[in-house]
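Asker: Quick one: this structure, given as C-alpha cells, is what I'll be asking you about.
Values in this text are rule-based calculations from the coordinates and carry no lab data. Since the model is a prediction, treat every value here as computed from it, not as a measurement. Please note: Cβ atoms are built from the backbone with ideal geometry, for glycine as well, and neighbour counts cover all protein chains shown.
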Amino acid sequence: MKRTPLKLRTKIALLSFTLVLSSVLLVGIVIMERVSRSMEQEIGMRAMAIARTVAQLEDVQENLDQEDGSKLIQPMAEKIRLATGVDYIVIFDMNRIRFSHPLQDRIGTLFTDGDEGPSLKNQEYLSPSIGVQGPAVRAFVPIKADEGTRQVGVVSVGILTPTIQEIIRALRFELYISLLIGVLLGSLGSLYLARNIKKNMFSMEPEEIAKLVEERVAIFQALEEGIIAVDIRGWVTLLNSEARRITGINTDNIGFSLEEIVGIPGLLTKMLSGDVLENWELVIHNTLVLANILPIRIEGKMAGAVFTFRDKTEVKKMAEELTGVKTFIEALRAQNHESQNKLHTIAGLLQLGKDQQALDYIFEVTEEQQEIIGFINKNIKNASVAGLLLGKYSRAKELHLKLFFDPDCYLGDLPEHIEIGKLVLILGNLLDNSFEALNGRKLAEVHCFVFQGEDLVISVEDTGAGIDDVIIDRLYEWGFTTKETLNHGIGLSLVKNAISSLNGIIEIETGAWGTRFLVRIPLAGK
C-alpha cells in the first residue's frame, strides 16, 4: 500500500515542534548543569568558612597535642556540625590521627582518604569526593598553634552536594511548568509558521509548485511572443527564447538593462509609468513588432513591468488578409452611408414630382462613382490599397470633404519585403490626419498621390491651417497630440516606425496653405 506523503504544513509543524522541544530540553540541561556547579561553589565556600572558624579555636589548637584531646575536641566539633548543618567535621593531627568524626568509632583511627596531603603542608583548599553518602565537597584548613607559627593538625569540613537528579526532583514543578509553557508556545508558533508559509505559497504543496513551475516554464518558452520582465530599476529579470531571438541575446543570463537589449530610448520610462499599453508597433533591431506593456504591482506599489512583443513578419500574410478585409468593410460602410443619403435625395425629388431631375441626379452619381472605381481599379493593382483608397474616398464625402487622386497615381506588384499591412497603415493614417486637419475649414481638400517607380512615393496634402513650428519636431513622439480627446497621439508614431522598418523617409512641408506629408520607400530591397 502506497504511503500518503506528509503535507507541507504537517512537515513544518513537526520539524518546528521537534526543534522547540530539543531546544527547551537542551537549555534545561545546560541550566541544571550551571545550577549544579553554582551550588557546588557555594557549598565549597561555606565549608571553607566553617573550617577556617574551627581552625581558629584555641581549644582545638591546644588539645591536638594531648593524648586525650579528643574528649574536648569531639564534643566541640559535633556541636559546631549540628549548629551549622554540615555533614561532617573531621579534625586530625599531623600523624593523621582523627580527633573528631561524626562516627564515634572512627576517632583515633588514621585519616586515609588520599586527598589530605597538601593540607599537612600548610595549604588550604577544596576537594570534591564521593563517599558512602554520595558526592561531597570538603574544605581542608591547617590548624596552627603558637600564634600561627607551628602547624599541629588539619580540620576537614564536608558537605554533601546534590546531584542533577536531586536538583530536578527539587525543582520538578517549576521545570515541568517551564517545559510545558515552552512546548506550548513552540507548538503554537510552529502551527502559525506552517500556516503562514502555506498561505504565502498559495496553499500549494512543493510537488504541486514544482509541477506548476515546469509547466509554466514550458509554456513560457514555447510562446511565439517575446516576453521581457523588468524590475523597478529597469533591469531584466526574465526573458524567454523568442525575446532572445528577436533581441539577439544569446545567453540565459539576466541583469541587462532593458534599453540596452531593446535599443529604444524612453521605453523604460513608459514601462514604469504604470500605464497599460496595447498593440504598440515599434522596431526592435530592424524587426517590426507589435508590443504590449503591463505594469506589475505588489500591494499597490510599482514593482516592475512586463513587455511582450511579436514579430509581425511572421504573420505578414494574415495581417495583409485582415487589413484587406478591414478596408473592404470600411469602404462598404462608407458607401452604404453615402448611398442612403443619395437614395433619400432621389426619393425627395420623386415625391416633389421632379422626375427628370431625379433621373439626371442618378446619372450624375452613377457616372461619378464609376469614374472613381474605374480609376482606382486601373491604377492601383493591390486590392488592399485599392479598398483603402475607395473607403477613404467615401469617408471624405461623408465628412463633406473633397479627396482628389492625382491622375498619375500608379501602384503595381510590390516586392516581397514591402509589407502591405505597413503600407496601408502609412497611407490610412496620413489620410485620417488630413481629414481631421480640415475640420471646420471652408476650403476642405485633400490631394493624394501614390506612385511606384524606383521608389514608392506617397504624398498626402491638405488645405488645413498648417502645423505650428513649435510642435513639428514632436509629431512622431508616442502619445503626443494637440487634441483634447483620448486615443490620439499614436498614428504618426506608428507611421514613423513603419516607414523606418522599410528603410524609408518622411518629410513635412507646412504653411498657411496647409500641410504636405511626403514618404519615400526604396523598392530595391532592405
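Asker: Restrict the search to the stretch 363-431; then list the trypsin sites (Lys or Arg not before Pro) that DSSP places in a loop and that have at most 15 other Cβ atoms within 10 Å of their Cβ.
Answerer: Working: sites: 378, 381, 392, 395, 397, 402, 422; in loops: 381.
Of the trypsin sites (Lys or Arg not before Pro), the ones in loops of the stretch 363-431 whose Cβ has at most 15 other Cβ atoms within 10 Å are 381.
Asker: Please compare each pair in 270/312; 312/496; 11/199 to a cut-off of 20 Å on the Cα-Cα distance and tell me which ones are over it. List each step's numbers first, then the result.
Answerer: Numbers: 270/312 22 Å; 312/496 16 Å; 11/199 15 Å.
Too far apart for the 20 Å limit: 270/312.
Asker: How far is the Cα center of the stretch 104-164 from the Cα center of the stretch 48-82, in Å?
Answerer: The stretch 104-164 and the stretch 48-82 have Cα centres separated by 13 Å.
Asker: Highest mean first, what order results for 37-47, 283-293, 114-124 on Cβ atoms within 10 Å?
Answerer: Numbers: 37-47: 15.9, 283-293: 17.7, 114-124: 13.8.
Taking the mean over residues of other Cβ atoms within 10 Å, the ranking is 283-293, 37-47, 114-124.
Asker: Follow-up. When Lys and Arg each count +1 and Asp and Glu each count -1, what net charge do the other residues less than 10 Å away from residue 516, Cβ to Cβ, add up to?
Answerer: Working: positive: none; negative: 461, 462, 507, 509.
In short, -4.
Asker: With a ≥ b ≥ c taken as the square roots of the eigenvalues of the C-alpha gyration tensor of the stretch 206-312, please select rounded if a/c is under 1.5 and otherwise prolate if a/b is larger than b/c or oblate if it is not? Working shown, then result.
Answerer: Numbers: a/c = 1.65, a/b = 1.19, b/c = 1.38.
Verdict is oblate for the stretch 206-312.
Asker: Sticking with this structure for a sec: Considering the options 70, 86, 97, tell which one lies farthest towards the positive end of the dipole of the stretch 24-101, charges being +1 on Lys and Arg and -1 on Asp and Glu at the Cβ, about the Cα centre.
Answerer: Positive-end residue among those listed: 86.
Asker: So, counting K/R as plus one and D/E as minus one, what does the shell of residues with Cβ under 11 Å around residue 496 add up to? Intermediate values should be presented prior to the final figure.
Answerer: Values: positive: none; negative: 281, 477.
Overall, the nearby charge balance is -2.
Asker: Return 280, 513 ranked ascending by Cβ neighbour count within 10 Å, so the fewest neighbours appear first.
Answerer: Numbers: 280 19, 513 14.
The order, fewest Cβ neighbours first, is 513, 280.
Asker: Please label the shape of the stretch 378-479 as rounded, prolate or oblate, based on the square roots a ≥ b ≥ c of the eigenvalues of the alpha-carbon gyration tensor (a/c under 1.5 means rounded; beyond that, a/b larger than b/c means prolate, else oblate).
Answerer: On the way: a/c = 2.00, a/b = 1.35, b/c = 1.49.
Taking the square roots of the gyration eigenvalues as a ≥ b ≥ c, the stretch 378-479 is oblate.
Asker: So which aspartates and glutamates can residue 442 reach, going by Cα to Cα under 19 Å and dropping same-chain residues fewer than 8 places off?
Answerer: 398, 432, 461, 462
Asker: Moving to a separate point now. Could you derive backbone 3J(HN,Hα) for the stretch 41-52 from the dihedral phi with the Karplus parameters 6.51, -1.76 and 1.60 (θ = phi - 60°), listing whole Hz in sequence and x where the residue is Gly or Pro?
Answerer: Once rounded to whole Hz, the list reads 5, 5, 5, x, 5, 5, 4, 5, 5, 5, 5, 5.
Asker: Hey, what do the phi angles of the stretch 53-62 turn into as Karplus ³J(HN,Hα) couplings, whole Hz, using 6.51/-1.76/1.60 and θ = phi - 60°, x for Gly and Pro?
Answerer: Result, rounded to whole Hz: 5, 5, 5, 8, 6, 5, 4, 5, 4, 7.
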